[in-house]
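The values are calculated or read from the model by the stated rules, or taken from the named source; none is laboratory data. In this text the structure is predicted, and so the values were computed from the model without any measurement. Cβ atoms come from the backbone with ideal geometry, glycine included; neighbour counts cover every protein chain shown. Accessible surface is based on the protein model in full, side chains and every heavy atom, while ligands, DNA and RNA are left aside. Shrake-Rupley method; radii C 1.70, N 1.55, O 1.52, S 1.80 Å.
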Amino acid sequence: MKESILVIGAKGQIGSELVEELRRQNGESNVIATDIKMPSPEFLSSGPFYQLDVLDFPQVLEIIRKHNVKQVYLLAALLSATAEQKIKSAWRLNMEGLLGTLELAREEKFKLFWPSSIAVFGPNTPRENTPQFTVTEPSTVYGISKLAGERWCEYYFQKFNVDVRSLRYPGLIGYKTEPGGGTTDYAVHIFHEAIRSHKYESFLSEHTELPMMYMHDALKATIGIMNADAKQVKIRSSYNVAAMSFTPAQLADEIRKHIPDFKITYKPDVRQQYADSWPKSIDDSCARTDWKWHAEYDLCRMTEDMLVHIQAMVQHH
Ligand code: AKB
């Protein structure tokens with residue numbers, strides 16, 4: 001029987017692009033997409049889909065057996081800002097979702113990808129060029145769930161030999177789907193507003209520097225670590241990965257190179273606190289050495305690509 005790949009949380013910011021790329025690389029029918037929400041008819045016609053709550057483990061198991069699933073990408077989660085609003089359901093989804101899937105991986109012996117985040121770091125972490133191994137004292141519910149998740153991943157690898165692989169994503173920027181409920185989301189919204197109205201009100205202050213990555217690179221890192229030889233994946237908690245760092249003011253300057261009358265204003269809200277507890281830049285030398293990771297997009301190239309694609313989408317509709 002053919003082997004297949006399962007993506008849980010396939011309608012989210014990463015999932016929707018990852019499914020497309022995995023289907024391109026492996027064939028449409030070999031990538032099973034699931035999400036708690038029903039997707040568009042267009043998405044439904046692009047390959048196999050199940051409406052699924054990740055916490056419904058019997059159903060997850062049924063799909064895994066039915067399709068001979070050998071790789072799972074577990075992307076169902078609540079992001080930082082939403083998690084602060086819904087402490088308990090965030091913990092339940094982010095933590096029980098992972099633990100249950102690790103248990104299934106132990107029994108069914110599939111390879112598992114699980115996303116961690118720069119949110120595992122906290123106010124006591126060195127903020128510039130944050131090392132792989134350093135203080136991790138997160139101050140958000142989301143960060144606590146990601147840190148606990150990293151420890152569970154390493155535990156299941158060491159105790160039960162579960163082949164789990166993980167990345168600490170920075171803020172992710174893409175044009176195909178918008179993020180929901182995160183702190184780094186401004187760096188996506190700003191492009192849509194720049195094209196629509198030539199102005200944007202940022203919910204993070206002018207000089208808030210955060211690590212970011214273009215979706216192209218996020219997919220490359222994700223599929224890259226999953227395809228790496230098991231021996232190369234030496235860290236089984238989660239790898240630092242980096243691409244670029246910028247502030248809202250720097251991003252606005254870059255956008256102005258293409259839209260000269262673009263205006264940005266600042267009205268920091270509660271998300272400022274979360275951003276202030278996270279690193280400004282990340283040292284990803286372990287990922288570079290162990291499985292030969294490197295990013296391709298910097299601020300200049302990412303901005304150009306985002307604007308071209310969003311412009312084209314606007315003209316299309
Ligand atoms: C968020 O802002 O919550 C996420 C993240 C950095 O993990 N994008």
Original post:
Do you know which residues across segment 261-317 are under 30 Å from Ile235 (Cβ atoms) and among the basic types (Lys, Arg)?
Top reply: Arg271, Lys280, Arg288, Lys292, Arg301
Original post:
Which one of these does Asp269 not meet: (1) over 22 Å from Val120 (Cβ atoms); (2) open to solvent by 10 Å² or more (accessible area, probe 1.4 Å); (3) out of contact with any Phe, Trp or Tyr (no Cβ under 6 Å at 6 or more places or on another chain)?
Top reply: (3)
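Which one is farthest from Phe246 (Cα to Cα), of the residues in segment 177-233 that are charged (D, E, K, R) and within 16 Å of the ligand (Cβ to nearest atom)?
So the first thing to find is which residues in segment 177-233 are charged (D, E, K, R), and the list is 178, 185, 193, 196, 199, 201, 206, 209, 217, 220, 229, 231.
Cutting the leftovers down to within 16 Å of the ligand (Cβ to nearest atom) gives us 178, 185, 209, 217.
Details: Glu178: 19, Asp185: 13, Glu209: 5, Asp217: 16 Å.
Among those residues, the one meeting the criterion is Glu178.
Which count do you get for residues in segment 46-97 that are at pLDDT 95 or above, outside any helix (DSSP H, G or I) and of a type outside the set (Asp, Glu)? Don't jump to the end; show me each part of the working.
The first filter runs over segment 46-97 and keeps only residues at pLDDT 95 or above, leaving 47-97.
Imposing the further condition that a residue be outside any helix (DSSP H, G or I) reduces the set to 47-56, 67-79, 86.
Those left that are additionally of a type outside the set (Asp, Glu): 47-52, 54-55, 67-79, 86.
Here the count works out to 22.
This table checks each residue for (1) closer than 30 Å to Val162 by Cα; (2) at pLDDT 95 or above; (3) in contact with a Gly (Cβ under 8 Å, 6 or more places away or on another chain).
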site	(1), (2), (3)
Ala221	yes, yes, no
Ser245	no, yes, no
Leu251	no, yes, no
Ile264	no, yes, no
Trp293	yes, yes, yes
Thr303	no, yes, no
Val314	no, no, no
Subject >> Check on Lys234, open to solvent by 40 Å² or more (accessible area, probe 1.4 Å), within 24 Å of Glu96 (Cβ to Cβ), of a type in the set (D, E, K, R) and more than 18 Å from the chain's Cα centre (by Cα) >> reply: no
**OP:** Give the residues of segment 15-38 that are touching a helix residue (DSSP H, G or I) at 6+ places or on another chain (Cβ under 9 Å), open to solvent by less than 50 Å² (accessible area, probe 1.4 Å) and within 19 Å of Leu55 (Cα to Cα), sorted by residue number.
**Re:** Ile32, Ala33, Thr34, Asp35
